[in-house]
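Everything below concerns the one structure shown next.
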Amino acid sequence: MASVSTEAPAAPALLSPGRPGYRRLSLALFVAGIATFALLYSTQALLPAVSDGLRVSPGGASWTVAAATGALAVAVVPLSALSERFGRRSMMTASLVVAVAVGLAVPFAPNLAVLIALRAVQGAALAGLPASAMAFLAEEVDGRALVSAIGLFVAGNSIGGMSGRIFTGWMSQAWGWRAALLAVGVAALACAVVFRVLVPRARNFAPRPLRLGAFGRTLGGHLSNPLLLRLYAIGALFMVVFGGVYTVIGYRLVAAPFSLPQGVVGSVFVVYLVGTFTSASSGRMAARLGRRGTLYAALATTSAGLLVTLVDSIAAVIAGLVLITAGFFAGHSVASSSVSHTAKSGRAQASALYQAAYYLGSSAGGAIGAAAFHSTGWAATVVMGLAAMVGVAALTLYGTYAAKRAATAAPAPL
């Protein structure tokens with residue numbers, strides 16, 4: 001009589017470079033990253049034009065960015081819970097569909113209040129994508145390739161941010177800011193279609209019922225983890241710098257002594273290509289320097305870039321933006337991948353909390369940076385950024401100290 005095996009079927013192998021499906025998954029999330037940042041920051045390079053077109057103050061116009069990132073920060077945790085029930089792939093698809101639909105309506109907003117409201121809805125819709133993408137990669141990709149895979153997703157963010165800003169700058173100069181926003185919506189629609197065609201089905205996802213008590217305990221566990229808290233704070237502080245600098249830089253460059261036209265200001269965002277390279281190579285950097293070593297390098301690079309931008313020379317400003325962008329994307333890639341690596345359960349919620357902190361940092365940086373610039377000048381925005389980098393340095397130094405203390409306290413092997 002043949003024996004009946006009681007062994008559970010083997011789990012599908014995790015994806016890694018060279019395995020079937022890895023490139024397809026990476027490309028799908030790369031395209032999704034492009035759409036996410038293109039939509040989320042679609043008005044950022046256009047703020048001077050929005051101010052003129054709607055006859056509103058720079059501070060009022062800056063809320064078209066802050067409302068989107070703030071709404072994303074608020075919505076990302078609840079939507080991550082829904083992704084545990086309905087799946088990462090379904091959540092990412094729904095997020096893109098809604099965000100694109102709103103993006104096609106944004107150019108027709110009759111006034112600032114409606115524009116800000118639509119941007120808030122768009123940001124909330126996009127919230128389902130970042131945390132789900134991080135959790136999807138953590139579940140489907142081999143841990144040794146995780147930093148590189150997440151780096152490629154972040155690289156898509158940088159491509160979307162760069163192309164959206166450059167394209168909208170020239171479109172705005174030729175046909176106005178409303179036409180520029182419409183073009184972003186159409187491009188994001190194309191990205192959403194490509195994403196849906198490429199993204200593979202999840203092989204390691206198991207749906208879980210929505211239990212608010214268990215969800216709250218998961219969040220509480222993450223928020224009581226000192227390492228995760230440090231990573232959330234590091235991501236937020238890096239984004240304070242990035243959000244502040246790129247919200248304000250357009251106003252600085254259209255004013256004296258630069259007095260650049262809108263199209264040229266948008267072209268300055270080509271420096272995002274540096275972020276694309278830095279994000280994609282962050283895995284190799286972490287392998288050489290370690291995660292904390294890469295954070296030290298990132299904060300030093302960002303700080304140097306802030307100081308360089310103080311020089312009233314377009315070459316110096318661009319060089320400073322290159323350094324800020326490189327440092328930011330290196331720090332963000334390492335911090336976000338470390339969250340996925342640290343959380344052994346509830347990865348979607350861990351990633352969602354990181355995204356919430358990250359985009360709250362963006363909103364705070366944009367609002368504070370704009371207020372500082374319009375009250376005191378660019379130097380005040382730089383001081384804000386340097387203060388954030390001091391915070392990153394303190395957190396990273398403490399992490400190094402805590403790791404050494406833990407290693408010393410560990411019992412010696414027999």
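The values are calculated or read from the model by the stated rules, or taken from the named source; none is laboratory data. For clarity, every value in this text was computed on a predicted model and none was experimentally measured. Quick reminder, even Gly has a Cβ in these numbers, built from the backbone with ideal geometry, and neighbours come from all protein chains shown. Remember, those area values only see protein heavy atoms, side chains included, never the ligands or the DNA or RNA. Shrake-Rupley method; radii C 1.70, N 1.55, O 1.52, S 1.80 Å.
For region 317-335, state whether one or more residues are of a type in the set (S, T, N, Q), closer than 17 Å to residue 378 by Cα and surrounded by 24 or more Cβ atoms within 10 Å (Cβ to Cβ).
First, the residues of region 317-335 that are of a type in the set (S, T, N, Q): 325, 333.
Among the residues that remain, those that are also closer than 17 Å to residue 378 by Cα are: none.
No: zero hits.
As an exercise: evaluate residue 307 against (1) more than 23 Å from the chain's Cα centre (by Cα); (2) free of Cβ contacts under 8 Å to residues at least 12 places away in the same chain; (3) assigned to a helix (DSSP H, G or I) and give the number of the one condition it does not meet.
Tallying (1) more than 23 Å from the chain's Cα centre (by Cα); (2) free of Cβ contacts under 8 Å to residues at least 12 places away in the same chain; (3) assigned to a helix (DSSP H, G or I), residue 307 fails exactly one: (2).
If I filter region 271-284 for residues that are touching a Gly at 6+ places or on another chain (Cβ under 8 Å), open to solvent by 60 Å² or more (accessible area, probe 1.4 Å), within 30 Å of residue 26 (Cβ to Cβ) and touching a residue at least 60 places away in the same chain (Cβ under 8 Å), do I get at least one hit?
no
What are the residues in region 292-312 that are at pLDDT below 95 and surrounded by fewer than 20 Cβ atoms within 10 Å (Cβ to Cβ), if any?
Listed by number, the residues that qualify are 292, 293, 296, 297, 312.
Looking at 77, 114, 102 in this structure, which one is crowded, with 18+ Cβ neighbours inside 10 Å, of a type in the set (Val, Ile, Thr), at pLDDT 85 or above and within 28 Å of residue 262 (Cα to Cα)?
On the way: 77 fails: within 28 Å of residue 262 (Cα to Cα); 114 fails: crowded, with 18+ Cβ neighbours inside 10 Å.
Of the residues listed, the single one that is crowded, with 18+ Cβ neighbours inside 10 Å, of a type in the set (Val, Ile, Thr), at pLDDT 85 or above and within 28 Å of residue 262 (Cα to Cα) is 102.
Residues in region 128-149: is at least one at pLDDT 85 or above and closer than 14 Å to residue 40 by Cα? Step through it out loud before you land on a result.
Keep residues of region 128-149 that are at pLDDT 85 or above, which gives 128-129.
So of that shortlist, the ones also closer than 14 Å to residue 40 by Cα come out as 128-129.
Yes, region 128-149 has at least one match.
Answer yes or no: is there a residue in region 259-270 that is among the hydroxyl-bearing types (Ser, Thr, Tyr), part of a helix (DSSP H, G or I) and surrounded by 20 or more Cβ atoms within 10 Å (Cβ to Cβ).
So the first thing to find is which residues in region 259-270 are among the hydroxyl-bearing types (Ser, Thr, Tyr), and the list is 259, 267.
Checking the rest, the ones that are also part of a helix (DSSP H, G or I) come to 267.
This time we only want the ones that are surrounded by 20 or more Cβ atoms within 10 Å (Cβ to Cβ), so: none.
Within region 259-270 (the criterion being among the hydroxyl-bearing types (Ser, Thr, Tyr), part of a helix (DSSP H, G or I) and surrounded by 20 or more Cβ atoms within 10 Å (Cβ to Cβ)), the answer is no, since none of the residues qualifies.
Could you list all residues from region 201-252 that are open to solvent by less than 30 Å² (accessible area, probe 1.4 Å), of a type outside the set (A, V, I, L, M, F, W, C) and either under 30 Å from residue 165 (Cβ atoms) or not in a helix (DSSP H, G or I) (or both)?
Correct list: 232, 235, 243, 244, 246, 247, 250, 251, 252.
Determine whether residue 6 is more than 17 Å from the chain's Cα centre (by Cα), at pLDDT below 90 and of a type in the set (Val, Ile, Thr).
yes
Would you confirm whether or not region 199-216 contains a residue that is within 28 Å of residue 41 (Cα to Cα) and either touching a residue at least 60 places away in the same chain (Cβ under 8 Å) or in contact with a Ser or Thr (Cβ under 7 Å, 6 or more places away or on another chain) (or both)? Can you show your working first?
Taking region 199-216 and keeping what is within 28 Å of residue 41 (Cα to Cα), we get 199-200.
Subsequent filtering for residues that are either touching a residue at least 60 places away in the same chain (Cβ under 8 Å) or in contact with a Ser or Thr (Cβ under 7 Å, 6 or more places away or on another chain) (or both) retains 199-200.
Yes; the residues of region 199-216 include at least one that is within 28 Å of residue 41 (Cα to Cα) and either touching a residue at least 60 places away in the same chain (Cβ under 8 Å) or in contact with a Ser or Thr (Cβ under 7 Å, 6 or more places away or on another chain) (or both).
Hey, can you tell me all the residues within region 343-360 that are more than 18 Å from residue 237 (Cβ to Cβ) and open to solvent by 30 Å² or more (accessible area, probe 1.4 Å)?
Selection gives 344, 345, 347.
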